[in-house]
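Student: Encoded as structure tokens, here's the structure I'll be asking about.
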Amino acid sequence: MNILVTGGAGYIGSHTCVELLKAGHQVVVFDNFCNSFPEATRRIGQIAGTPLTLVEGDIRDRTAIERALRENACDAVIHFAGLKAVGESVAKPLLYYDNNVIGTVRLLEAMQATGVKTIVFSSSATVYGVPQFLPYTEDHPLSSTSPYGRGKLMVEDILRDYHVAQPDSRIALLRYFNPVGAHHSGLIGEDPQGVPNNLMPFVTQVAIGKRDRLQIWGGDYDTPDGTGVRDYIHVEDLAVGHVKALEHLRQPQCFAVNLGSGRGHSVLEVVKAFEQACGKSIPYEIGPRRAGDLPAYYADVTLAKSLLGWKATRSLETMCADSWRWQVANPNGFRV
Ligand code: NAD
Ligand code: WQD
């Protein structure tokens, strides 16, 4: 297939492009590089041994997307493009709704105009809100606590409505848990700008000496060691999940599925695993809870297995080892 990958130069998108190329698809990356670098797309080609097409553009520019879809005879879209900092979304809600929600509407209009019926959307475990039970199953009630999360929920609703109006559409809503790690080649990985919001890139930067110590947000949660528990998933496993979702979209349908490992790890477990991987100690201090954080959540992955024949295979140790390899080989990320 010819696949338009919005946000394909970003963290999850770049790893997915590698898997798509490996599976024999043609890839067109559509990205405005607001949180990524063209160098990532060169490296995708280097890993896969086959080049991709790069289009610089903004998903809110319907004409530009239409042109990219037409000129490359695209059969499907994988839609990663979006802003993803939860805290920033509280400070700049209009920016988030414009980019993530209106941008998706423009993309769908362009798909409709060009007859492209298949879309895989990057949703998030954040759409489950405060857990009413764990693990989260796909039929857990949906709610959200930030403009970022509400945007994801709105886009899910828009896509469900779109499917009702266009029953021949083929839509996958992939609810990611906590993606971490990097490609095992060390050539691509997560390259956050400024101070990382997320745990793994912060730990990695402490290990390499860019930051003094990790601040652990809360040590008094009702969890085995008092620190927050999350379902970490290796980004290469997640990337494979997209190829499986695309294969499953041979028939018209609209489905939502969790992509996680199915088990939880605490912040302290991540720190210990990372210390093993890098052979250094990670200084940390336990501070107050971070506003808006949940104590614990993890995925029920039964549906991913039965529907897509997919499950995560890489351990926390591998996630840490691959993050470390990427960091050591690229201390300045893609800024070469
Ligand atoms: P990322 O920031 O690394 O990648 C997003 C890419 O989209 C970047 O290359 C950016 O330049 C591009 N982009 C943003 N707005 C754009 C626009 N208007 N037009 C064109 N390109 C645009 O983020 P990521 O971690 O790879 O996340 C990808 C998707 O997965 C996002 O939608 C995110 O919300 C979702 N998601 C991420 C996580 C996570 O923890 N990383 C978890 C759940 C869901
Ligand atoms: C993980 C754990 C923190 C940083 C976020 C979004 C979510 C999804 C994934 C997109 C928590 C603790 C973290 C630090 C810490 N994104 N932590 N010190 O918050 O689970 O999820 O990314 O959809 O919507 O909210 O991920 O990596 O920030 O935190 O102690 O410096 O690490 O408290 O327990 P989170 P995270």
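The values are calculated or read from the model by the stated rules, or taken from the named source; none is laboratory data. This structure is a prediction, so every number in the text was calculated from the model and none was measured. For neighbour counting, all protein chains shown are included, and Cβ atoms are generated from backbone atoms with ideal geometry for every residue, glycine included. Quick note on the areas: whole protein, heavy atoms, side chains included, nothing else; ligands and nucleic acids left out. Shrake-Rupley method; radii C 1.70, N 1.55, O 1.52, S 1.80 Å.
Student: Considering only residues that are more than 16 Å from GLU236 (Cβ to Cβ) and crowded, with 24+ Cβ neighbours inside 10 Å, look in segment 6-31 and name the one that is farthest from ligand 2 (Cβ to nearest atom).
Tutor: Within segment 6-31, the subset more than 16 Å from GLU236 (Cβ to Cβ) is 6-7, 9, 24-31.
When the remaining residues are screened for being crowded, with 24+ Cβ neighbours inside 10 Å, the result is 6-7, 9, 27, 29-31.
Numbers: THR6: 16, GLY7: 13, ALA9: 18, VAL27: 23, VAL29: 21, PHE30: 20, ASP31: 18 Å.
The qualifying residue farthest from ligand 2 (Cβ to nearest atom) is VAL27.
Student: Could you list, in sequence order, all residues of segment 35-84 that are small (Gly, Ala, Ser), more than 9 Å from ligand 1 (Cβ to nearest atom) and assigned to a loop (DSSP other than H, G, I, E, B)?
Tutor: Residues satisfying the conditions are GLY49, ALA73.
Student: Continuing with the same structure: For ARG211, which of the numbered conditions (1) in a loop (DSSP other than H, G, I, E, B); (2) within 15 Å of ligand 1 (Cβ to nearest atom); (3) farther than 21 Å from ALA299 by Cβ fails to hold?
Tutor: Only one criterion is unmet by ARG211, namely (2).
Student: Are there any pairs with C-beta distances below 9 angstrom linking a residue in segment 113-131 that is under 12 Å from VAL257 (Cα atoms) and modelled with pLDDT of 95 or more to a residue that is among the acidic types (Asp, Glu) and crowded, with 24+ Cβ neighbours inside 10 Å, with the two at least 6 apart or on different chains, and if so which?
Tutor: Within 9 Å, the pairs are ALA125/ASP231.
Student: So in segment 36-52, with the set limited to residues that are in contact with an Asp or Glu (Cβ under 9 Å, 6 or more places away or on another chain) and over 14 Å from HIS183 (Cα atoms), which one is most open to solvent (accessible area, probe 1.4 Å)?
Tutor: Step one: list which residues in segment 36-52 are in contact with an Asp or Glu (Cβ under 9 Å, 6 or more places away or on another chain), which gives 36-38, 40-41, 48.
If we keep only those that are over 14 Å from HIS183 (Cα atoms) too, we end up with 36-38.
Values: SER36: 16, PHE37: 52, PRO38: 68 Å².
Out of the qualifying residues, it is PRO38.
Student: Yes or no: segment 117-127 includes at least one residue that is away from ligand 2 (no atom under 16 Å from the Cβ), open to solvent by less than 20 Å² (accessible area, probe 1.4 Å), β-branched (Val, Ile, Thr) and not in a helix (DSSP H, G or I).
Tutor: Start the filter on segment 117-127 by keeping residues that are away from ligand 2 (no atom under 16 Å from the Cβ), which leaves 117-119.
Keeping just the survivors that are open to solvent by less than 20 Å² (accessible area, probe 1.4 Å) gives 118-119.
Then drop every residue that is not β-branched (Val, Ile, Thr), which leaves 118-119.
So of that shortlist, the ones also not in a helix (DSSP H, G or I) come out as 118-119.
Within segment 117-127, one or more residues are away from ligand 2 (no atom under 16 Å from the Cβ), open to solvent by less than 20 Å² (accessible area, probe 1.4 Å), β-branched (Val, Ile, Thr) and not in a helix (DSSP H, G or I).
Student: Further question: Check GLY149 against each of (1) at negative phi; (2) open to solvent by 20 Å² or more (accessible area, probe 1.4 Å); (3) modelled with pLDDT of 95 or more; (4) not β-branched (Val, Ile, Thr) and name the one condition it does not meet.
Tutor: Of the numbered conditions (1) at negative phi; (2) open to solvent by 20 Å² or more (accessible area, probe 1.4 Å); (3) modelled with pLDDT of 95 or more; (4) not β-branched (Val, Ile, Thr), the odd one out for GLY149 is (2).
A quick yes/no check of all residues on (1) in contact with a strand residue (DSSP E or B) (Cβ under 8 Å, 6 or more places away or on another chain); (2) more than 16 Å from ligand 2 (Cβ to nearest atom); (3) closer than 15 Å to VAL243 by Cα:
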site: THR50; (1), (2), (3): no, yes, no
site: ARG62; (1), (2), (3): no, yes, no
site: ASP75; (1), (2), (3): yes, yes, yes
site: ALA81; (1), (2), (3): yes, no, no
site: TYR96; (1), (2), (3): no, no, no
site: ASN99; (1), (2), (3): no, no, no
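Student: Restricting to segment 299-310, name every residue that is touching a helix residue (DSSP H, G or I) at 6+ places or on another chain (Cβ under 9 Å) and either touching a residue at least 60 places away in the same chain (Cβ under 8 Å) or open to solvent by less than 40 Å² (accessible area, probe 1.4 Å) (or both).
Tutor: Taking segment 299-310 first, the residues touching a helix residue (DSSP H, G or I) at 6+ places or on another chain (Cβ under 9 Å) are 299, 304, 307-310.
ALA299, ALA304, LEU308, GLY309, TRP310, listed by residue number.
Student: Moving on to the next point. Any residue in segment 96-109 that is farther than 14 Å from GLU66 by Cβ and in a helix (DSSP H, G or I) sitting within a Cβ distance under 7 Å of a residue that is of a type in the set (Phe, Trp, Tyr) and within 9 Å of ligand 1 (Cβ to nearest atom)? List the pairs, counting only those 6 or more apart or interchain.
Tutor: Every condition considered, the pairs that remain are TYR96/TYR148.
Student: With the checklist (1) within 30 Å of GLU39 (Cβ to Cβ); (2) charged (D, E, K, R); (3) open to solvent by 20 Å² or more (accessible area, probe 1.4 Å) in hand, flag the one item ASP322 doesn't pass.
Tutor: With (1) within 30 Å of GLU39 (Cβ to Cβ); (2) charged (D, E, K, R); (3) open to solvent by 20 Å² or more (accessible area, probe 1.4 Å) applied to ASP322, the lone miss is (3).
Conditions tested, residue by residue: (1) under 30 Å from LEU307 (Cα atoms); (2) open to solvent by 40 Å² or more (accessible area, probe 1.4 Å); (3) in contact with a Ser or Thr (Cβ under 8 Å, 6 or more places away or on another chain); (4) modelled with pLDDT under 95.
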{"site": "ARG175", "(1), (2), (3), (4)": "yes, no, yes, no"}
{"site": "GLY194", "(1), (2), (3), (4)": "no, yes, no, yes"}
{"site": "ALA207", "(1), (2), (3), (4)": "no, no, no, no"}
{"site": "LEU214", "(1), (2), (3), (4)": "no, no, no, no"}
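Student: Of everything in segment 262-298 that's open to solvent by less than 40 Å² (accessible area, probe 1.4 Å), more than 13 Å from ligand 2 (Cβ to nearest atom) and touching a residue at least 60 places away in the same chain (Cβ under 8 Å), which residue is nearest to the chain's Cα centre (by Cα)?
Tutor: GLY262
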